[in-house]
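The values are calculated or read from the model by the stated rules, or taken from the named source; none is laboratory data. The structure displayed is predicted, hence computed values, not measured ones. Here the Cβ positions follow ideal geometry from the backbone for every residue, glycine too, while neighbour counts run over all protein chains shown. What goes into the accessible areas is simple: the full protein's heavy atoms, side chains included, and nothing from ligands, DNA or RNA. Shrake-Rupley method; radii C 1.70, N 1.55, O 1.52, S 1.80 Å.
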Amino acid sequence: MKKDLISITDYSKEEYLKIMKLASEFEENPNQDLLKGKVVASLFFEPSTRTRLSFETAINRLGGKVIGFADPGSSSASKGETLHDTIKMVSNYVDLIVMRHPLEGAARYAAEVSPVPVINAGDGANQHPTQTLLDMYSILKTQGTLDNINIFMVGDLKYGRTVHSLLMAMSEFENPIFNFVAPYELQMPNEYKIFLEEKGIKYFEHKEFNDIISEADIIYMTRVQKERFPDPIEYEKVKNVYILRNSMLEKTKANLKILHPLPRVNEIHSDVDSNKKAYYFTQALNGVFTREAIITHTMNLK
Amino acid sequence: MKENTKKKLKLKVSAIKDGTVIDHIPAKNLFKVISILGLDKIENQITFGTNLESGKLGAKAIIKVTDKFFKDNEINKIALIAPHANLNIIKDYKVVEKRIVEIPDVIKGIVKCFNPKCITNNETITTCFKVVLKEPLSLKCRYCEKITSGEQIKMY
Ligand SMILES: [Zn+2]
């Protein structure tokens, strides 16, 4: 059976750990010719330069060749071809498909249509599992473990797909503690809170973002986007409440690291960048090693 | 045989020797039930009555299919549009078994995903939902992974 990666929950805990181990091997030695002679399709039905370059770098470091398109304007989809037909055609040419699509569920559907494995590089507001695995790798690298981690998730917890996936994945490990910091409009949805309760995992909700972070091992920041608010006045009220500043980090733990899926707008003040607790730029680099790990696992090369 | 038919007159449609009688279908969903069960594509003798009086449902409909015996996973497909339907399995003019329909664990087709950004609403794809809760009915889309429930549930 082919091993697609569409949702973070497609992987077991053992697979998470295998990806972590492979990622650290690739960090030691990023250039390995495991994909030699293989062709990978990189299909971006929605542009995302950051994710695409990370994947294509990973493929190149593995010695594979890339075909595909970087935006929908240069794809046959712009001529009205269905996703079904595009995937049927492309899957005849390649050994693996990496795809990003603005519609939710597009990657799951593509995986059903395609005889070669599919890796989801983002399907609308739904899933972006490779981001989650690189977040986990960043946590493991900086904390030395994925157990007993106190994570503060800050900002848009309602629509932020990265926080939902990270919550699901970290719940597989020992004794995590979740702290949710969000305005009322962007609270963590009930279904995730129920999920945690059923697993007996502790979580706390906060409206304020201040010295409560003194216990944090990880602060996971997200963008609060204006278009998420039905009422623009509500956005104006909260837009400056969930900003992390250097002064707030004084009494935090020594092992604390700050993560952000990037790009950021103003939610992390630039005065944090020079603090050694700021990890978001290294986090992005970890993406290449994690994606090399995911690709080799998906194609049974390791 | 004539007398037997008379006895069953209260059903307002003639009795069958062997087959299945599906009763208590909401009249407005009769043709949907026929289509979901594929009764419009089989050769068996089928009689149906509709707009019959029924205490609890308002107008009900009834379908009789000769020489047809449904599997659970076949018949349960109609649970969403005929939740109170019951089946009488007939052998030699006698009811030998009664069954009620049950909401299945997975629902293929029939229901639309409420999420306008779901791939199933933008391309010709048969929807597929996992039933996460039967009462009130909550369905998780296999594709966009969003929950469709309550008044959001719309049939094709
Ligand atoms: Zn859907």
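Pop out a list of residues from the range A:90-107 that are at least 40 Å² less accessible with all the protein chains around than in their chain alone; 1.4 Å probe, no ligands or nucleic acids counted. With the partner chains in place, the range A:90-107 has these residues losing at least 40 Å²: A:L103, A:E104.
For the B and A pair, go ahead and give the buried accessible area with a 1.4 Å probe, both sides summed, in Å² to 100.
On the way: alone 9780 and 13370 Å², together 21910 Å².
When B and A are taken together, about 1200 Å² of accessible area is lost.
Is the shape of the range A:197-279 rounded, prolate or oblate, going by the alpha carbon gyration tensor and its root eigenvalues a ≥ b ≥ c, with a/c under 1.5 for rounded and a/b larger than b/c for prolate?
Values: a/c = 1.83, a/b = 1.17, b/c = 1.57.
In terms of gyration-tensor shape, oblate.
In this structure chain A gives 42 Å² per residue of accessible area when probed at 1.4 Å with all protein chains present. Once C-alpha pairs closer than 8 Å and six or more residues apart are averaged by separation and normalised to the residue number of chain A, the relative contact order reads 20 percent.
Per residue, the accessible area of the range B:53-156 comes to 55 Å² when a 1.4 Å probe rolls over the protein heavy atoms. Can you pull out the GluC sites (Glu not before Pro) in the range B:23-120 whose DSSP state is coil and whose Cβ has at most 11 other Cβ atoms within 10 Å? When the GluC sites (Glu not before Pro) of the range B:23-120 are filtered for loop state and at most 11 Cβ neighbours within 10 Å, B:E43 remain. Which shape class, rounded, prolate or oblate, goes with the range B:106-155 when its Cα gyration tensor gives a ≥ b ≥ c as root eigenvalues, a/c under 1.5 marks rounded, and past that a/b bigger than b/c marks prolate? Prolate is the answer for the range B:106-155, as a/c is 1.5 or above and a/b outweighs b/c. Across the range A:253-265, rounded Karplus estimates of 3J(HN,Hα) from the backbone phi angles (6.51 cos²θ - 1.76 cosθ + 1.60, θ = phi - 60°) give 5, 5, 8, 4, 10, 9, 10, 7, x, 6, x, 9, 10 Hz, Gly and Pro being marked x.
Taken residue by residue and averaged, Cβ atoms of other chains lying within 10 Å of the Cβ of A:204-212 number 0.
Per residue of A:120-127, other chain Cβ atoms within 10 Å of the residue Cβ number 3 on average. Residue by residue, the range B:23-40 carries 3J(HN,Hα) couplings of 10, 6, 8, x, 3, 5, 9, 3, 6, 5, 4, 4, 6, 4, 7, x, 5, 7 Hz when phi is fed to the Karplus relation 6.51 cos²θ - 1.76 cosθ + 1.60 (θ = phi - 60°); x denotes Gly or Pro. Working from Cα pairs under 8 Å separated by at least six residues, relative contact order for the range B:19-100 is 41 percent. Comparing A:S74, A:S42, A:S91 in a Gaussian network model of chain A, where Cα atoms under 10 Å apart are tied by springs, the biggest mean-square fluctuation is seen for A:S74. If you roll a 1.4 angstrom probe over the protein chains with everything in place, what fraction of the accessible area of the range A:93-139 belongs to carbon and sulfur, to the nearest %? Here carbon and sulfur together make up 51 percent of the probe-accessible area. Every helix of 4 or more DSSP H residues in chain A counts as -39500 (n - 2.57), and over all residues that averages to -11000 deg cm²/dmol at 222 nm. Our coupling estimate for the range A:201-216, obtained by passing each phi through the Karplus curve with A = 6.51, B = -1.76, C = 1.60 and θ = phi - 60°, is 9, 6, 9, 10, 10, 9, 8, 8, 10, 8, 6, 4, 7, 4, 9, 6 Hz, Gly and Pro reported as x. Over what distance in Å are the Cα centres of the range B:97-148 and the range A:245-260 separated? The range B:97-148 and the range A:245-260 have Cα centres spaced 44 Å from each other. Label-to-label distance for B:K28 and A:D71 is 4.8 nm, based on points extended 7 Å past Cα in the beta-carbon direction. DSSP assigns beta bridges within the protein assembly as shown; of those with both partners inside it, close to 50 percent run antiparallel.
Hey, what number do you get for chain B at 222 nm if only DSSP H runs of n ≥ 4 count, each worth -39500 (n - 2.57), divided across all residues, to the nearest 500?
Counting only the DSSP helices, I get -2500 deg cm²/dmol.
Sorted from greatest to least, the principal axis extents spanned by the alpha carbons of the range A:129-284 come out as 42, 38, 29 Å. Taking a ≥ b ≥ c as the square roots of the eigenvalues of the alpha-carbon gyration tensor, chain A is classed prolate because a/c is 1.5 or more and a/b outweighs b/c.
So for the range B:106-155, averaging the separation of alpha carbon pairs under 8 Å that are six or more residues apart and normalising by length, what relative contact order in percent results?
Relative CO of the range B:106-155 lands at 37 percent.
Annotation: amide H-H contacts under 5 Å for A:V66 (H modelled 1.01 Å from N, sequence separation of 5 or more, or interchain): A:V40.
Solvent-accessible area assigned to carbon and sulfur over chain B amounts to 53 percent, based on a 1.4 Å probe. Cross-link partners of A:K3 among aspartates and glutamates, defined as those whose alpha carbon lies under 13 angstrom from its own and excluding same-chain residues fewer than eight positions apart: A:E15, A:D95, A:E112. When both the range B:28-76 and the range A:169-244 are represented by their alpha-carbon centers, they are found 50 Å apart.
May I ask you to give the average projected area over all directions of the convex hull of the Cα atoms of the range A:84-125, in nm² rounded to one decimal?
Across all orientations, the range A:84-125 yields a mean hull projection of 2.5 nm².
Taking B:E123, A:E28, A:E292, A:E208 and ordering them by how much accessible surface each has at a 1.4 Å probe, largest first, produces A:E28, A:E208, B:E123, A:E292. Here B:K28 is the anchor, and the aspartates and glutamates within straight C-alpha reach of less than 19 Å, apart from those fewer than 8 places off in the same chain, are B:D40, B:E53, B:E151. For the peptide B:144-150, the mean number of other protein chain Cβ atoms found within 10 angstrom of a residue's Cβ is 4.
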